[in-house]
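No value in this document is a laboratory result; all are computed from the given coordinates. Worth saying up front: this structure is predicted, and the values here are computed from it rather than measured. As a convention, Cβ positions derive from the backbone with ideal geometry for all residues, glycine included, and neighbour counts pool all protein chains shown.
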Amino acid sequence: MVPALCSALSPRVCYWDRSQPGPNHQPLGGPPLPGQCGPVAMVTHSGNSGTSPIQSFQEHPLRHFRFPPGHSREITWLRDGDPPAVLPRVPVFRSCRRSTAFTGWDSVSISGLTPRRRIRDPMDRTREEVAATLQIAKLNAEDFRSTVHCLTFNRAFNSGDYSLMELDDALCKEIEAGGSLVIRGEKSDHAVLCSESKTYDLKIADTSNLLLFIPGCKTPDQLLADQQEVNVVRCEIAGFSNHYWELRRCRPKLKKLKKLLMENTYDGPENQGNRDNDTSLYTTEDLLNQIQASNEELSEHLKVIHACNIKGFWRILDFDYEMKILNHVTQLVDSESWSFSKVPLNECLQELRPLEPEEMIEHCLNCYGKKFKEDDVIYFALNEDKICRATAQMLLQNAVKFNLAEFQEVWQQSVPEGMTTRTDQLKGLALVDRTSRPETVCLLKTEDLPEDTQERFNSLFTMREKWMEADIAPYIKDLCGEKQTIGALLTKYARCSVQNGIKLYNSRRPIS
């Protein structure tokens, strides 16, 4: 309810309610706005008052009227020669048709007319007021710039409307170029922020100073340094905060990706049936909604795990089916006497088309080789290490432990003729135990270990109490962030000791 000001010559009490006109609700017009004029007014209690508002008005000439709660403006009545006075803010009775309640300012008592004067927003400041404030504070105006910002709170102000985020130069340039930042994570996840190519951990940083959001506020470099005359700039505070989001580069959380795709592996067109309509199929957009990684990081890891896009959905080939296609390719290379470093794509597709779909054959060549072009003909150079690793995984996946010597013999016999197996090809795939008699090897893939750094070390030290750096390095290499080394990780999470001249690492904390 907003009180109205009227220019009546005799004292009267007026009620104003635009929505409910009636005998006690005289529509006398809206309140004056800043820059307009009006009569002297005073707020009185509309009932149960022990004092006479008219007598009070006569004893204390009023020059100031304050709007109700929720309104930031004040109306100052200026009469030549009279000092201004502020009427105390007291609750008054509201008169309604059906009920009464204490709701704030309501009645207006009008007495007499004053010369019309400008109504000024009390938060405005003149140059004289600025100078007087500096004088009271015992500050020298020459020590400050000549531009003064007069701050007021926006009427629609809400402290929860905005959040601050600290960005580095690279992210700022990406935003300015039209890029976007996305916060990813489910309810149970710790939120991360992703750009097009990187992932950042989000942490709240508190600040001892209150940070104000002031659109239009000029920074020192935007002000004229040689300006002499005081210039008052009026700005509205849109919000404030005492904390901001701090970004720290982190590794993408990709372990969940393979888990999702393994729900529905692809093992050939003849075995699909109605599985193409299964709800456990995922598009790129579906994966971005569930995986805490950037677009580029997700795309790169899809290649690492040999995922294939089939009819718009990302699928992982069943490992046995993938090895079946790879065997078709290597047998064709052997029968045609091609070089593993130069396998022609078109001839390969033509020969194997009756056995497997063309897209599956080309996908297999992409997984285990590198495409290149020569004389407008597309070739693939097959990677010996990748093929040997895949063969080793096929041999080890059904065995708990394998005698190392026997495994190496079977492994060499299983790879295509002309390729050579080496134990260093097993890094991050299998663990060799040289302390046992006889020496053994077992399957241990990096992707099967926990994603969290501390949990990863706990898991490794549970399997083996002490590790040589050469053995543990393949299993922690992916944990290294930017500018972080394997040695730094071992220093932080492991304790080093020397036995028989060999450096060994064990856990810094007890392992249950």
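Tell me, what is the FRET efficiency for Glu229 and Thr207 to the nearest 0.05, using R0 = 45 angstrom and their Cβ-Cβ distance as r? If you can, show how the numbers build up before the last one.
Working: r = 35 Å, r/R0 = 0.77.
In this case the efficiency is close to 0.80.
Apply 1/(1 + (r/R0)^6) to the Cβ-Cβ distance of Cys172 and Val304, taking R0 = 22 Å, and write down the FRET efficiency to the nearest 0.05. Display every interim value, and only then the final one.
On the way: r = 30 Å, r/R0 = 1.39.
Approximately 0.10, to the nearest 0.05.
Cβ crowding within 10 Å, taken as a proxy for footprinting-reagent exposure, orders Glu128, Glu351, Glu356, Glu409 from fewest neighbours to most as Glu128, Glu409, Glu351, Glu356.
Distance between the modelled labels on Glu465 and Thr133, one decimal in nanometres: 7.3 nm (7 Å Cα→Cβ projection).
Going down the table (Lys256/Lys303; Lys255/Lys401; Lys258/Lys324; Lys187/Lys483), which pairs top 27 Å between alpha carbons? The partial results should precede the final answer.
Values: Lys256/Lys303 15 Å; Lys255/Lys401 25 Å; Lys258/Lys324 21 Å; Lys187/Lys483 31 Å.
Pairs exceeding 27 Å: Lys187/Lys483.
Scalar couplings 3J(HN,Hα) for segment 448-461, obtained by applying the Karplus form with A = 6.51, B = -1.76, C = 1.60 to θ = phi - 60°, are 8, 8, x, 7, 5, 4, 5, 5, 4, 5, 4, 5, 5, 6 Hz; x denotes Gly and Pro. Across segment 145-156, coupling constants 3J(HN,Hα) worked out from phi with the 6.51/-1.76/1.60 Karplus curve, θ = phi - 60°, read 6, 7, 8, 10, 9, 9, 9, 9, 7, 5, 4, 8 Hz, and Gly and Pro carry x. Phi angles of segment 336-344 translate, via the Karplus equation with coefficients 6.51, -1.76, 1.60 and θ = phi - 60°, into HN-Hα couplings of 8, 6, 7, 7, 5, 8, 8, 9, x Hz per residue; Gly and Pro are given as x.
How would Cys388, Cys217 line up from fewest to most surrounding beta-carbon atoms within 10 angstrom?
On the way: Cys388 21, Cys217 14.
Going from sparsest to densest Cβ surroundings: Cys217, Cys388.
What length, rounded to one decimal in nm, is gained on full extension from Gln413 through to Ala399, with 0.36 nm per residue of separation minus their alpha-carbon distance?
Working: separation 14, 0.36 × 14 = 5.04 nm, distance 1.78 nm.
So the extension gain works out to 3.3 nm.
Under 5 Å between amide hydrogens, built in the peptide plane, is the criterion, and for Ile310 it picks out Arg315 among residues at least 5 positions away or on other chains. Near the amide H of Phe240, within less than 5 Å, lie the amide hydrogens of Phe213, all on another chain or at least 5 residues away, with H placed in the peptide plane. Placing a pseudo-label 7 Å from each Cα along the Cα-to-Cβ vector at Asn158 and Lys503 gives an inter-label distance of 5.7 nm.
Rank these for me by crowding, Ile486, Ile204, Ile387, going from fewest to most other beta carbons within 10 Å.
On the way: Ile486 15, Ile204 9, Ile387 21.
Result, fewest neighbours first: Ile204, Ile486, Ile387.
Modelled label positions at Ile486 and Ile214, each set 7 Å beyond Cα in the direction of Cβ, lie 5.5 nm from each other.
Taking only the alpha carbons of segment 319-382, we obtain Rg and Dmax values of 10.8, 35 Å in that order.
Grab the Cα-Cα distance for Thr435 and Ser197, subtract it from 0.36 nm times how many residues apart they are, and report the gain in nm with one decimal. Provide the component values of the computation, followed by the final result.
Numbers: separation 238, 0.36 × 238 = 85.68 nm, distance 4.31 nm.
Using 0.36 nm per residue and subtracting the Cα-Cα distance, I get 81.4 nm.
Among residues other than Trp338 whose Cβ falls under 13 Å from its Cβ, what is the net charge (Lys/Arg +1, Asp/Glu -1)?
On the way: positive: Lys342; negative: Asp334, Glu336, Glu347, Glu351, Glu417.
Here the count lands on -4.
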